[in-house]
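Colleague: Take a look at the following structure, please.
Each value in this text was obtained by applying a stated rule to the coordinates, not by laboratory testing. Predicted model only: the values in this text are computed from it and were never measured. Cβ atoms come from the backbone with ideal geometry, glycine included; neighbour counts cover every protein chain shown.
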Amino acid sequence: MKSNIPFGPVPSRRLGKSLGINNIPPKICTYSCVYCQVGKTYSLSNERKEFYKVEEIKDQVLRKINELNKQKEKIDFLSFVPDGEPTLDINLGKEIEILKDHGIPIAVITNGSLIDRADVRRDLSKANWVSVKIDAVSEKVWKKINRPHPDLSLKDILEGIVKFSKEYKGNLYTETMLIKDINTDKKNIKEIAEFIRTLKIKKAYLSIPTRPPASKSVEVPDEEITNMAYNLFTERNLNTELLIGYSATEFPATKNVSDEILNITSVHPMREEDVKNILDKAGKSWKTVEDLVNKGELKMVNFGKNKFFLRSFKRNI
Ligand code: SF4
């Protein structure tokens, strides 16, 4: 089969310069998420199998690394982030082992749907960095948002994630996609946060759709909802960060206080008093914030007794 397995490198906020590895042909997945940015799942499968020979993946990836080395381009991560679910690849563990020998850390971004299987956990445990999807902990919401293969069980998946978090020695992250009116009510977000709290993770990411989704009905939650989710997570002592379509390099290190505020609020909503502190330190007045709000770059939202500022979302879907 003719294939382009490595792609990039692409700049990634989480992984720096990441060389992607597409170890699953488009689009084979255990889920058919309403928000999937790869498009519709043509083959909904929960069967682990070989899609490419291990040698083919190795050769293509090493060739690409050599090319990049010649161009003096540094890669921070080799990332299994295919057009489908990476753990469907029965050779994933072998591929990680072989590629790891070349001194670049390995990341896997998985939906976690097969993680109740010991062989999948064993494969994932070889990676240095794993992100697992947790969009729902209730059966009804899970079916609505992730549209799973009918033989999968959410209970087994959640138990598998707990097991993996106990066994895994690398850096584990979670990612929760927020979809308006599907998983964004307070009760649902609280339940997800309570579950994630039981895991041993480095960070919980909250994301929103930033590219056209598989289903036209998908709506991006507004800043108010996203801020609520962020606060419900952080109130439970979860180290939380937003993924709302901005990269860390959007505004490189700068003395410009407006850019600094936009940089921080792309990742963490800021309380009013924290914004004031930054302005005070820079000798700037509140007008700087008013200008950003008026230009539509910054948004003020309320949560509990506090006012928060968030980077306005790019509504490009
Ligand atoms: S798990 Fe990932 S690849 Fe699969 S349908 Fe969902 S978003 Fe798309």
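Colleague: Expressed as an acute angle from 0 to 90° and rounded to the nearest 10, what is the orientation of the C-alpha long axis of helix 272-282 relative to the principal long axis of the chain?
Modeller: 80 degrees
Colleague: Cα axis of helix 186-197 to longest principal axis of the chain: angle in degrees, 0 to 90, nearest 10?
Modeller: Long axis of 186-197 versus the principal axis of the chain: about 60 degrees.
Colleague: Also: Set the bar at 20 Å for Cα to Cα. Now go through 144/180; 53/100; 27/202; 163/202; 40/216; 40/155 and name every pair that lies beyond it.
Modeller: With Cα atoms farther than 20 Å apart: 27/202; 40/155.
Colleague: Related question: So what does log10 I(q)/I(0) come out to for the range 35-75 at q = 0.16, 0.17, 0.21 Å⁻¹, using the Debye formula with one equal point on every Cα and no solvent?
Modeller: -0.70, -0.74, -0.80
Colleague: How far apart, in nm, are the 7 Å Cα→Cβ label points at residue 4 and residue 236?
Modeller: Calculated label separation equals 4.0 nm.
Colleague: Tell me the Kirkwood hydrodynamic radius of the range 6-243 in angstroms, computed as one over the mean inverse distance between distinct C-alpha pairs.
Modeller: Over the range 6-243, the inverse of the mean reciprocal pair distance is 18.1 Å.
Colleague: Hey, with R₀ at 51 Å, roughly what FRET efficiency would residue 211 and residue 53 work out to, going by the Cβ-Cβ distance, to 0.05?
Modeller: Computed FRET efficiency for residue 211 and residue 53: 0.95.
Colleague: For a label point 7 Å from the Cα of residue 219 along Cα→C-beta, name the residues of the range 149-179 whose backbone N is under 20 Å from it.
Modeller: The answer is 177-179.
Colleague: Same structure again: Could you tell me which trypsin sites (Lys or Arg not before Pro) in the range 153-193 are loop residues by DSSP with no more than 13 other beta carbons within 10 angstrom of their beta carbon?
Modeller: For trypsin sites (Lys or Arg not before Pro) across the range 153-193 that sit outside H, G, I, E and B with at most 13 neighbouring Cβ atoms in 10 Å, the list reads 169.
Colleague: Once you put a point 7 Å from the Cα of residue 122 and another 7 Å from the Cα of residue 305, both along the Cβ direction, what distance in nm separates them?
Modeller: Placing both labels 7 Å along Cα→Cβ, they lie 5.5 nm apart.
Colleague: Still on this structure: Roughly how many debye, to the nearest 20, is the charge dipole of the range 6-243 about its Cα centre, given +1 on each Lys and Arg Cβ, -1 on each Asp and Glu Cβ, and no other charges? Numbers along the way, then the final one.
Modeller: Values: 40 positive and 34 negative charges, 67 e Å.
The calculation lands at about 320 debye.
Colleague: Among 39-46, 203-210, 119-126, what's the highest-first ranking by average C-beta atoms within 10 angstrom per residue?
Modeller: On the way: 39-46: 15.4, 203-210: 21.4, 119-126: 19.0.
In decreasing order of mean packing, 39-46, 203-210, 119-126 become 203-210, 119-126, 39-46.
Colleague: Under the rule that an exposed site lies in a DSSP loop and has at most 13 other Cβ atoms within 10 Å, name the longest stretch of the chain with no GluC sites (Glu not before Pro) of that kind, not counting the sites themselves.
Modeller: With GluC sites (Glu not before Pro) excluded where exposed in loops, the chain gives 74-234 as its longest stretch.
Colleague: With labels modelled as points extended 7 Å from the Cα through the Cβ direction, what inter-label distance (nm, one decimal) is found for residue 140 paired with residue 42?
Modeller: 3.6 nm
Colleague: Another question, if that's okay. Dipole of the range 29-143, Cα-centred, from +1 at each Lys and Arg C-beta and -1 at each Asp and Glu C-beta, to the nearest 20 debye? Please list the in-between numbers first.
Modeller: On the way: 19 positive and 19 negative charges, 31 e Å.
For this selection, approximately 160 debye.
Colleague: Say R0 is 45 Å: what FRET efficiency, to the nearest 0.05, do residue 97 and residue 286 get from their beta-carbon distance?
Modeller: Details: r = 55 Å, r/R0 = 1.23.
Using R0 = 45 Å, I get an efficiency of 0.20.
Colleague: Select from 217, 234, 44 the residue farthest towards the positive end of the dipole of the chain; place +1 on Cβ of Lys and Arg, -1 on Cβ of Asp and Glu, and compute about the Cα centre.
Modeller: The one lying farthest along the dipole's positive direction is 234.
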